Amino acid sequence: MRLLGIEIRRAFARRLTKMVFIIALAGILAAGLTVFFKSHRTEVRVGPSATQEQQIKNDMIESCLKGGPLPGEGEGAPSAVPGPGFSLPPVGTAERQTVCVKAADQLQFGGLEDKRFHLTEITDIFKHLSVWFAIMAWLLAASFIGAEWRTGMMTTLLTWEPRRVRVMIAKVIAAVFVTFVIVMVLQALLVGALYPAAAYRGSTAGTNAAFWRTFSYVGLRSGALAALAAILGFAAGALGRNTAAGLGAGFVYLAVIEGGLLGGLIPSIRPWLIVGNAIVFVNNERNVDIRGRSPTQAILLLVGYAVGLWLIATLVTKKRDVS
Amino acid sequence: MAVIEIEGLRKEFRRLRGGRNLAVDGLDLSVEHGGVYGFLGPNGAGKTTTIRCILGLVAPTAGHTRVLGSETRHLHTVIDRIGSIVETPTYFPTFSGRRNLRLLGRIDGIGPGAVESVLERVGLADRGDDIVKHYSLGMKQRLGIAAALLREPELLILDEPANGLDPAGIKEVRQLLRTLANEGRTVFLSSHLLGEVQQVCDHVAILARGKCIAQGPVADVLARGEAARMVVKAENLDGALQALTAAGFEAQIDADHILVTAPAGEGARITRTLATKRMYVSELRPMEVSLEDVFLELTKDNPS
């Protein structure tokens with residue numbers, strides 16, 4: 001437990017951890033301000049100005065009088081056409097002019113658009129952000145172990161605690177704990193940053209107990225995904241004994257092997273790939289991205305991958321020389 | 001009682017482009033409790049690899065090591081009685097020296113009082129709050145020694161602890177090592193500073209090409225190098241050389257004196273030889289042999 005406590009302190013005190021947190025904080029602040037100023041207090045009327053509207057109507061009337069269609073006909077707009085069987089009066093007659101003008105007058109352009117920020121949108125925002133949180137967790141965890149190997153800190157530590165498995169357990173728990181806490185704190189701060197936009201310039205409608213419950217689960221799933229990414233990043237960093245190796249392995253696997261080769265060339269393998277299962281898990285919906293895959297199956301598979309890779313990294317660390 | 005026992009230790013490393021590099025070749029060593037034990041060898045002789053094997057950082061290809069009576073795989077049972085430095089130890093660069101030591105100490109439940117004590121002992125008390133990345137190499141080395149002392153260890157395994165230290169620092173470390181030995185601890189010291197080793201060590205082992213080529217008390221090892229040479233000074237060096245070689249001595253001029261290959265007991269014969277030729281000796285003494293001389297002599301056929 002002492003070792004775990006020390007590793008957690010070290011992980012929180014790392015420069016990269018602080019840097020990533022500050023960058024994320026700046027991003028959250030910027031997002032909060034942007035949404036606040038872009039959100040409108042009321043619904044906004046959109047469409048052409050009154051002069052433009054009159055001009056359009058005049059053009060339509062003129063076209064109608066010359067034998068063209070009735071204004072609004074075939075455009076999905078309300079038509080002045082009285083009903084089936086109705087035919088336009090002949091061109092040049094007063095009746096035609098009456099019908100054309102009446103139809104044009106009934107036309108309505110534009111409408112009201114809701115440009116307000118709704119707090120309920122935050123669930124989708126969190127789902128999208130979960131990818132970035134996972135990348136951040138991978139980076140922090142890969143660096144947490146990779147930098148220690150590269151700088152020789154691991155050697156110093158192993159002269160104090162030679163049981164390598166114990167060290168690996170303490171370190172991975174620290175990495176998972178720290179990334180999970182950071183992600184949860186950042187999500188809480190994001191809610192705090194976006195809330196004023198919804199409360200004062202947008203809408204908080206629909207934020208009942210059920211919403212907050214659903215929203216909390218999304219946040220927790222995002223945190224859990226980040227924790228799994230941390231384990232994978234940690235394992236990759238430990239195997240490569242280098243941060244760059246850990247990050248490079250993650251990028252090459254996810255972007256090139258999984259995203260390109262496996263996903264594209266062997267469609268039948270998709271249910272077993274990381275990204276698809278992560279999407280299913282975060283969305284908490286069956287059949288999202290992978291047909292037939294339930295969120296429970298997805299998380300079990302992801303946990304299996306993460307723990308499996310960590311076990312491999314631990315065995316390699318146990319056996320490999322420290323030189 | 002032996003605090004370090006090494007039997008038939010062999011370590012091979014795979015080369016990147018095939019083949020194997022033999023770092024340690026059947027090393028046998030026994031370090032008894034107490035005193036300072038010098039572990040010498042040219043670069044690449046296998047000193048650091050041996051230390052890494054002792055500390056369980058590297059798995060031997062063959063043979064085994066025991067520290068404080070414990071096999072390497074059970075090293076954790078005695079690790080709190082061992083303090084060590086392997087090459088230049090690394091600490092968190094953005095933490096202060098004091099904070100680094102406190103973190104390490106917490107692993108064993110060592111409190112801040114002990115940290116202050118070791119910082120004082122290595123002369124880092126005033127710089128303890130400085131960030132480690134701003135430390136000089138010598139200060140990092142002192143921090144490493146402080147960390148090694150933190151557990152009040154019975155056995156100190158120090159790999160080149162004087163690396164990067166200035167002469168004053170080297171002297172301080174020498175005194176510290178002697179003090180530690182006088183306190184009843186055993187110091188296993190790997191170093192290439194032979195003069196320092198000679199001054200501070202009670203026993204030495206000399207390693208070359210992964211093999212131990214000499215070991216024992218410093219005086220015994222030095223005796224091996226006393227290849228019975230005498231320093232002779234006389235007025236007419238050329239004449240004296242001629243007389244001595246004519247008398248069957250192996251001799252050569254070295255600066256302002258003649259080096260005669262002969263044991264100290266041959267002094268009388270040397271003076272008699274020269275006196276019969278009416279040449280009189282102004283100085284005659286056995287040549288002092290340093291550990292460096294012995295080391296170079298013993299390792300000249302075993303370059304790494």
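The values are calculated or read from the model by the stated rules, or taken from the named source; none is laboratory data. These numbers were taken from a predicted model, which means no experiment stands behind them. Counting neighbours? That spans all protein chains shown, and the Cβs are built from the backbone with ideal geometry, glycine included.
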>> Quick check on the range A:212-222. Is at least one of its residues within 14 Å of chain B (Cβ to nearest Cβ), surrounded by 21 or more Cβ atoms within 10 Å (Cβ to Cβ) and either at pLDDT below 95 or in contact with a Ser or Thr (Cβ under 9 Å, 6 or more places away or on another chain) (or both)?
In response: no
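Based on what the data block shows, is A:R241 within 14 Å of chain B (Cβ to nearest Cβ) and in contact with a Ser or Thr (Cβ under 9 Å, 6 or more places away or on another chain)?
yes
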> Quick one: which of A:M153, A:M168 is away from every other protein chain (no Cβ under 14 Å) and buried (at least 17 other Cβ atoms within 10 Å of the Cβ)?
Replying inline: A:M168
> Only one of B:A243, B:A251 is free of Cβ contacts under 8 Å to residues at least 40 places away in the same chain, in a helix (DSSP H, G or I), farther than 30 Å from B:I4 by Cα and of a type in the set (G, A, S); which?
Replying inline: B:A243
>> Testing B:L150 on (1) more than 10 Å from every other protein chain (Cβ to nearest Cβ); (2) surrounded by 19 or more Cβ atoms within 10 Å (Cβ to Cβ), one condition comes back false. Which one is that?
In response: (1)
> Here are some residues: B:D220, B:D202. Which one is within 30 Å of B:T49 (Cα to Cα), among the acidic types (D, E) and surrounded by 15 or more Cβ atoms within 10 Å (Cβ to Cβ)?
Replying inline: B:D202
> What residue, among those in the range A:6-23 that are facing chain B (nearest Cβ under 9 Å) and of a type outside the set (K, R), is nearest to A:V172 (Cα to Cα)?
Replying inline: A:I6
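To keep it simple, each residue is scored yes or no on (1) away from every other protein chain (no Cβ under 14 Å); (2) at pLDDT below 85.
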residue	(1), (2)
A:A255	yes, yes
A:W272	yes, no
A:N287	yes, yes
A:I299	yes, no
A:A306	yes, no
A:K318	no, no
> Would you say B:G69 is more than 10 Å from every other protein chain (Cβ to nearest Cβ), surrounded by 20 or more Cβ atoms within 10 Å (Cβ to Cβ) and at pLDDT below 95?
Replying inline: no
>> Whether any residue in the range B:27-43 is farther than 20 Å from B:E152 by Cα, surrounded by fewer than 16 Cβ atoms within 10 Å (Cβ to Cβ), at pLDDT below 90 and more than 9 Å from chain A (Cβ to nearest Cβ) is what I want to check.
In response: yes
>> Give me the residue from the range B:159-171 that is over 13 Å from B:G123 (Cβ atoms) and in contact (Cβ under 8 Å) with a residue 24 or more places away in the chain and, out of that set, surrounded by the most Cβ atoms within 10 Å (Cβ to Cβ).
In response: B:P161
>> For the range B:101-118, give me each residue that is in contact (Cβ under 8 Å) with a residue 24 or more places away in the chain, surrounded by fewer than 23 Cβ atoms within 10 Å (Cβ to Cβ), more than 8 Å from chain A (Cβ to nearest Cβ) and not β-branched (V, I, T).
In response: B:G105, B:A114
>> Looking at the range B:79-99, can you tell me whether even one residue there is more than 12 Å from every other protein chain (Cβ to nearest Cβ), crowded, with 23+ Cβ neighbours inside 10 Å and in contact with an Asp or Glu (Cβ under 6 Å, 6 or more places away or on another chain)?
In response: no
> Filtering the range A:85-130 down to residues that are free of Cβ contacts under 8 Å to residues at least 60 places away in the same chain and closer than 30 Å to A:P196 by Cβ, which residue is farthest from the chain's Cα centre (by Cα)?
Replying inline: A:E121
>> Given the criterion crowded, with 17+ Cβ neighbours inside 10 Å, under 26 Å from A:A26 (Cβ atoms), out of contact with any Phe, Trp or Tyr (no Cβ under 7 Å at 6 or more places or on another chain) and free of Cβ contacts under 8 Å to residues at least 60 places away in the same chain, identify the matching residue among A:V176, A:V191, A:V183.
In response: A:V176
> Residues in the range A:181-223 that are within 25 Å of A:V307 (Cα to Cα) and in contact with a helix residue (DSSP H, G or I) (Cβ under 7 Å, 6 or more places away or on another chain): how many?
Replying inline: 8
> Regarding B:R174, is this residue closer than 27 Å to B:G38 by Cβ, touching a residue at least 24 places away in the same chain (Cβ under 8 Å), among the basic types (K, R) and touching a helix residue (DSSP H, G or I) at 6+ places or on another chain (Cβ under 6 Å)?
Replying inline: yes
>> Give me the residue from the range B:264-279 that is among the hydroxyl-bearing types (S, T, Y) and out of contact with any helix residue (DSSP H, G or I) (no Cβ under 7 Å at 6 or more places or on another chain) and, out of that set, surrounded by the fewest Cβ atoms within 10 Å (Cβ to Cβ).
In response: B:T276
